[in-house]
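See structure below.
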Amino acid sequence: TVKEIYSFAQSAAFEDIKFILADRDLNLALAREGLNGDYGLNVGKAIRENQQEVFGDDFISFAMGMTAAASDARMAGCKLPAMSNSGSGNQGITVSMPVIAYALKYDVDDERLARALILSNLVAIHIKGYLGKLSALCGCVIASTGSACGIVFLRGGNYEQVCSAIKNMIGNITGMVCDGAKVGCAMKVASGVACAVQSCVLALRGTCIKETDGIIDRDIEKTIRNLGRIGSLGMQSTDHLIQQIMLCKE
């Protein structure tokens with residue numbers, strides 16, 4: 001459960017979880033390569049180049065740029081390795097880079113970062129378990145939900161605020177479809193990061209989508225199961241239609 005994951009992230013001995021810092025080393029190297037090279041749509045680089053005039057020189061732009069840059073490089077065939085999550089390098093990037101970006105911008109120590117990365121990765125794995133191996137639901141939805149939890153943790157949030165961030169994410173970007181692995185995924189990644197930061201900010205000020213709204217339930221585990229039902233059952237016909245569209249291109 002999310003509660004067990006949160007408790008583990010808080011209480012586990014640092015020696016037992018410090019291996020997760022390899023996540024930072026691998027994915028940060030990939031992000032820097034994406035910013036310095038010419039990969040895919042160069043989404044991360046475009047965000048970075050326009051921080052002053054369009055996006056603003058703030059954390060949300062920094063996180064979007066770093067995460068999208070890593071995805072740019074990954075999806076365009078960069079040979080550098082990525083730390084994966086749920087079998088996906090792109091999901092591994094999305095679940096970790098916003099958290100790593102926060103740690104870089106605000107000088108977070110290694111132990112605090114490790115605990116946040118454990119939380120973000122395990123929450124994503126927990127949610128993914130309800131969706132199965134393949135789904136028409138974009139994995140970015142799940143991974144960015146995990147990263148929202150990690151950012152809440154780094155900003156001093158409690159368990160209830162982590163749950164609020166998850167609900168805000170599920171009530172926001174559920175329905176983003178997966179239409180294959182490609183360079184355009186970096187744009188979805190950037191969107192997911194923006195939603196993650198927004199959900200985190202709202203959660204930390206006590207704002208959460210209520211159980212009267214849509215697929216959100218009072219219970220966090222039921223909310224996650226609702227997302228799983230939509231992704232695994234409700235979007236089966238969507239999956240077939242996407243495949244048909246892709247195969248019928250001239």
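We did not get these values from a lab; they are worked out from the coordinates using the rules stated. From a predicted model like this one, the values you see are computed outputs, not experimental measurements. When we count neighbours, we look across all protein chains shown, and the Cβ atoms used for this are built from the backbone with ideal geometry, even at glycine.
Taken along its three principal axes, the alpha carbon spread of the stretch 1-113 comes to 42, 30, 23 Å, from the longest extent down to the shortest.
With both labels modelled 7 Å from their Cα along Cα-to-Cβ, the residue 134 to residue 4 distance reads 3.0 nm.
Label-to-label distance, residue 160 versus residue 187, with points set 7 angstrom from Cα along the beta-carbon direction: 4.0 nm.
Arranged from highest to lowest average of other beta-carbon atoms within 10 Å per residue, in what order do the peptides 124-135, 139-150, 105-116 appear?
Top of the packing list down: 139-150, 124-135, 105-116.
Compared with the direct C-alpha span, the chain from residue 109 to residue 249 gains 45.4 nm at full extension, assuming 0.36 nm per residue. Across the stretch 14-247, the relative contact order, built from alpha-carbon pairs under 8 Å that are at least six residues apart, equals 21 percent. Given the options 215, 170, 26, identify the residue whose Cα lies farthest towards the positive end of the charge dipole of the stretch 14-247 (+1 on Cβ of Lys, Arg; -1 on Cβ of Asp, Glu). So the residue we want is 215. For the pair the stretch 30-91 / the stretch 144-189, the C-alpha centres are spaced 17 Å from each other.
Taking the Cα centre of the stretch 159-229 as the origin, how large is its charge dipole in debye, to the nearest 20, when only Lys and Arg (+1) and Asp and Glu (-1) carry charge on their Cβ atoms?
Numbers: 9 positive and 7 negative charges, 26 e Å.
In debye, rounded to 20, the stretch 159-229 gives about 120.
Amide H to amide H distances under 5 Å link residue 137 with 178, where only residues 5 or more positions off or on other chains count and H is placed in the peptide plane. Grab the beta carbon distance between residue 79 and residue 207, set R0 = 51 Å, and tell me the FRET efficiency rounded to 0.05. After rounding, the FRET efficiency stands at 0.75. Full extension of the chain between residue 36 and residue 51 yields a length gain of 3.8 nm, computed as 0.36 nm times the residue separation minus the alpha carbon distance.
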